[in-house]
Each structure stands twice: as structure tokens, then as C-alpha cells.
């Protein structure tokens, strides 16, 4: 598989100022040295608790935020070299809240057709036909075209958002918590729709969520983020079966098991997440980790390969998986 998207040591820091003189009081390291590769046709999950930097990373990939460090390459080309209109046609986003992401004053027809209008694609009649075809693709009847967002259910609104994202035929779709605002039954329908569209249209997904159970249904690989850093990267099957990083273990232990007779051992997190304004030295997870060692407090662990014994390519930034001396 060829690499569609490559992130190399990507960072985004926000300077916090205040006081009468507006002096800098600190720096929030929202994304701090992330390296990832997303292959064409793949679905990569990005998970972590709120505030870990997932959405900021998505905005960096889409070119909506400037980089402070690192490089992002899309289709082998630095994203800073892409004309903005061309980049928009290749990358689209599905947002978390389908109600706030849709203009309440525009009809469904106008919302879905807006990207075509902005990019001056086709005649008015062709855009109308394309819009109706897109609605059919996401499972909505043509009669929905004349309705407004407030007249639709949450699932229908999210389908409209998906149709709008597909209008320009993008190569990459970034899904930022696309089902978290929906009922559980509707979540399943939208996930099935996204899987079907990926198969039919050859899409590539970056799927952002805090729910490992959801990500495990739609993604081949999962990257776990904590305080601006990726701490584990593995296949979805391997990570859900046996997470290697203590934080990934804690996330998985919080996922409900649909079996009343089975009780999962819960990994209890100690304390509160560190402030991104004042991250701890070494591994950012060490103040909450039950396996903390002295070195964890001093040095951030490199990416250790942990799947050699099973033939799985997986990485964990954790000193627990450092090779023994002499290996």
C-alpha cells in the first residue's frame, strides 16, 4: 500500500498571554512531535481522552492550522505547497455535531451542493443531479433535499454532513467524533454507512474518537494519543486484544462488555491529567501510571517494537517494553 499521508514530528503549540501587559504566561503543547503514516484506502483510528490533541492534529492535517514544527506530506507533497482550493478538493471533514456544522438557513440541497458551487463544478442542472445522487448514496430520499436541518433527525443530519464531505470526491475524509452525538442504534447505522462508502468509493479515513469500541469496528490500525503525543500504534485487532501501553489498557478497560456474565478488570487511573501548560518531564503519563519507574520521570521513551513474537508490527512509547540489556 502506498502512503497517502505522512506526518513527521508534527507539533503545534499555543502561547497563552494575560495580565495588563499581555505577556506570555505559558505554552500549551497541543500536539508535540507526532509521526504517523496513513496508507491509501486505509482507515486509521486516533483515540484518546478530551484535550489530548486529536482535533488539533486533524486541523493541522487539513491545513486549517499552521505547523510550529515538523512536516506533513499528502500524496508525496508537502501540504504547504498545495494550492488551498486543490487541497480542499482532496481532503474533507465530517464534524462531531451535525446540527452545529450545518447552516440552519440553508436547505439540504443547498448544503450538499455548496462545495460544488464554491469550486464551480458543473452547471446548475448538473449540480442539482449530483446533489440528489449524493443523498441517495448516503441513504436519504430525494424528498429530503427541500428540508432544513431542524426538520431532520440527528442521524439524517449526519448523513447530510457525510454527503457534503463526499461532494468533491476527496481522497481523504477526516471523521472527528462523527457518531458521539448520536444514539447508540443510530451510531451503528452511520458506522455501517461509512464502512460501505469506503469500500464502494475507495476512501481513506482518519477516524477520531475517544471510544475504542467504535474505532475497533471501522479501523485497521489505531493510534493512541495522550497529552499531545502518540503513545501506542498497532493494528485494531492487536490493540483491543492486548494493549501494551498502560494508558491504552486503561482506555480499553473502560469499554463496556456486552455480556452480563463477564466482568472486565478495570484499570484505575490515578490523579488528574497533567496540565498541557505544564507537562511533566519524561513520559507524560508517568504521574498516573501504576508501573512508573525512575527513568519514566526523566526521559520520554522512544518507540519500542513490541510485536516481534507474534509477527505484528506495533509500537509502544513505554519503558516497560525497552529491550533488556544485551538483546
Most exposed first by the Cβ proxy, i.e. fewest other Cβ within 10 Å, how do 319, 82 rank?
-> 82, 319
Listed residues 239, 182, 64, most fluctuating in the chain (Gaussian network, C-alpha, under 10 Å) = 64
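Hey, fewest Cβ within 10 Å first, where do 117, 137 land in order? Kindly include the intermediate steps, with their values, before the conclusion.
On the way: 117 13, 137 17.
Ranking 117, 137 by Cβ neighbours within 10 Å, fewest first, gives 117, 137.
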With Cα coordinates, the longest principal axis of the chain makes an angle with the long axis of helix 184-201, in degrees rounded to 10, of 80
Note: probe point = Cα of residue 65 + 7 Å toward Cβ; backbone nitrogen < 17 Å; residues of the stretch 208-225 passing the test are 208-210, 224-225
Return one number: the angle in degrees, 0 to 90 and rounded to the nearest 10, between the long axis of the Cα atoms of helix 124-137 and the longest principal axis of the Cα atoms of the chain.
-> 50
Listed with the fewest Cβ neighbours within 10 Å leading, 186, 208, 79, 222 appear as 186, 79, 208, 222
Would you mind telling me which residue in 232, 177, 272 has the biggest mean-square fluctuation in a Gaussian network model of the chain, where springs connect alpha carbons within a distance under 10 angstrom?
-> 272
Efficiency by 1/(1 + (r/R0)^6): what FRET value for residue 90 and residue 143, r their Cβ-Cβ distance, R0 = 25 Å, to the nearest 0.05?
-> 0.20
Using a Gaussian network for the chain with springs between C-alpha atoms less than 10 Å apart, which of these wobbles most: 185, 275, 107?
-> 185
Normalised by the residues of the chain, what does the relative contact order come to in percent, with Cα pairs under 8 Å and at least six apart?
-> 19
Which percent, nearest 5, of DSSP beta bridges in the chain are antiparallel?
-> 60
Mind pulling the angle between the C-alpha long axis of helix 154-166 and the longest principal axis of the chain? Nearest 10 degrees, somewhere in 0 to 90.
-> 90
Hey, can you rank 54-60, 93-99 by average C-beta count inside 10 Å, highest first?
-> 54-60, 93-99
Asserting the computed 222 nm helical MRE of the chain (DSSP H runs at least 4 long, -39500 (n - 2.57) per run, divided by residue count, to nearest 500) equals -8500 deg cm²/dmol
Evaluate the Debye formula for the stretch 195-251 with equal point scatterers sitting on the alpha carbons, no solvent, and hand back log10 of I(q)/I(0) at q = 0.15, 0.19 Å⁻¹, in q order, two decimals.
-> -0.44, -0.67
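Using the 2.2 N^0.38 Å rule of thumb for compact globular proteins, work out how the stretch 3-219 stacks up: its C-alpha Rg over that value, please.
Values: Rg = 18.2 Å, N = 217, 2.2 N^0.38 = 17.0 Å.
Compactness ratio reported: 1.07.
Laboratory data are not the source of any read-out in this text; all were calculated from the coordinates shown. As the structure is a computational prediction, the values presented were derived from the model and not from experiment. Backbone-built Cβ (ideal geometry, glycine too); neighbour counts: all protein chains shown.
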